[in-house]
Amino acid sequence: MGAESVGTRPVEGEADAAEPVGCEAGAAESVGCEAVGAESAGGESVGTKPVEGEAGAAEPVGCEAGAAASGEAGGAGSRWAGRVDVGGSQPPPRVTVVVATRERSAQLGRALDSLLGQDHPDFEIVVVDNAPVTTATRDLVETVYAHRVRYVRESVPGLAVAHNRGVASAGGEVLAFTDDDVVADPHWLSALTTPFAADPGLACVTGLILPAQLRTRAQVLLESHGGFAKGFAARTYDPRRPPADEPLFPFTAGSFGSGANMAFRADALRAVGGFDPATGTGTPARGGDDLYAFVRILAAGHRLRYTPEALVWHHHRETWQDLENQAYGYGAGLTAFLTAILVRRPALLPALLARLPRGLAHARAMTAHREAPQAHAEPVPGEHGAQAYPWPRSLSRLERRGMLYGPLGYARARHRVRGNPLPWGER
């Protein structure tokens, strides 16, 4: 499961305009960028009511980038097509859905059933079996899902490495990624790929992730602390026009989306080197693979869009031990991703240093210990970003301890994968 960094949500009241972020424009040095505001989702409800106050009026402006994908992707003929400009009668792009997994065949089967029920007319599913110790995943794919799902093995552990193997094996113009612990809405893939048709400069689309159940205290606390949902209003992020309400842009990558629900133009993702193999679950870095990819796409001058119509339901881990591991992993993944960005894109160092004081204050606020409201004997899900939810002191300490560890974890993971070529370079 791709980890979302809960320390990356914007703090209310920080409305100062963000400084321009360097974008790759051919072989040129960084170019000045301006900002983008939120776009309304048109008031469409997605399992709940739209959140008020998340709509803006700014028009996205393209960023010239040598790495930008030139092809236009179309959307499927689904009920979502009437809500988004799909670029006339363009045929929908062929999509490859990549699902990385490791020894969770029962959950994988549930996810694959939902993916096979998608209404998109042209897609394939690739399961990447990451560092398997049994044949359970292979047996499932090659028996129950034979000729409908493709099996690929990746022996090097790590979510980013597995995703890169999926990128190398994919034949689609658009690459969609989700996890083995989700159930996808039947219109998920159509909604996730439709925006590519309307905007040739768009290289990444993310979608809404809602909890499949909130049965245990650990699940409720995770969702209240931020979970994976990013609201119910669509929004486009443009590196030429940094959003005024996110002064830490683009380093608040957790606000863009999460790895369980994301898609990229294949050419654009390959052009930026894919996912950093030293990040992600299954490595000493513990996470940050999705956040790294989001920022690399933006730094290359492409736009990123969040669309809540692309909906998946995520099965949160149930136990307290799981929640403790996630709290630590979230903290580690955040600082590991920031380290990875600076190692691979050192031109972003000035922008990061300029945002560092406010970023530290933001991280401190978002990971702070909070008592449960006295009106509730048990914690209940709170509004995202409202900082009114309970967050036990033990989890706060674990998250902050993870932040301190993240750069070291990334260094260890980078050492392990040193010398490994990108899998699409092996062809």
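List of remarks:
- Debye intensity ratio in log₁₀ form over the Cα atoms of segment 187-244, taken at each q of 0.12, 0.17, 0.28 Å⁻¹: -0.43, -0.74, -1.19
- When each of the peptides 184-191, 335-342, 108-115 is scored by the mean number of other C-beta atoms lying within 10 Å of its residues, the order from highest to lowest reads 335-342, 184-191, 108-115.
- Residue separation of T135 and L349 scaled by 0.36 nm, minus their Cα-Cα distance, works out to 72.6 nm of gained length.
- The modelled label-to-label distance for the pair T143/D322, using points 7 Å beyond Cα in the direction of Cβ, is 2.6 nm.
- Stokes-Einstein diffusion for segment 98-257 at 25 °C, viscosity 0.890 mPa s, with a Kirkwood radius from C-alpha pairs, works out to 140 µm²/s.
- Percent accessible area from carbon and sulfur atoms, segment 263-337, protein chains only, probe 1.4 Å: 50 percent
- Where segment 227-364 is the region considered: accessible area per residue in Å², 1.4 Å probe: 25 Å²
- Fraction of accessible area attributable to carbon and sulfur, segment 158-219 (%, probe 1.4 Å): 51 percent
- Cα gyration tensor shape of segment 239-371, rounded if a/c is under 1.5, else prolate or oblate by comparing a/b with b/c: rounded
- Multiplying the residue separation of N420 and L404 by 0.36 nm and removing their Cα-Cα distance gives an extension gain of 3.1 nm.
- Extension gain, S394 back to R215 (0.36 nm per residue minus Cα-Cα distance, nm): 62.3 nm
- Approximate shape of segment 165-273 as ellipsoid semi-axes (Cα gyration tensor, √5λ), whole Å, largest first: 25, 20, 13
- Part-to-part distance (alpha-carbon centres) for segment 270-332 and segment 150-192, which is given in Å: 13 Å
- Ranking of R345, R265 by solvent-accessible surface, largest first: R345, R265 (1.4 Å probe, protein heavy atoms only, all chains present).
The values are calculated or read from the model by the stated rules, or taken from the named source; none is laboratory data. Because the structure is a prediction, the values reported are computed rather than measured. All Cβ positions, even for glycine, are placed from backbone atoms using ideal geometry, and neighbour counts span all protein chains on display. For the accessible areas, the whole protein counts, side chains as well, though only heavy atoms, and no ligand, DNA or RNA atoms are used. Shrake-Rupley method; radii C 1.70, N 1.55, O 1.52, S 1.80 Å.
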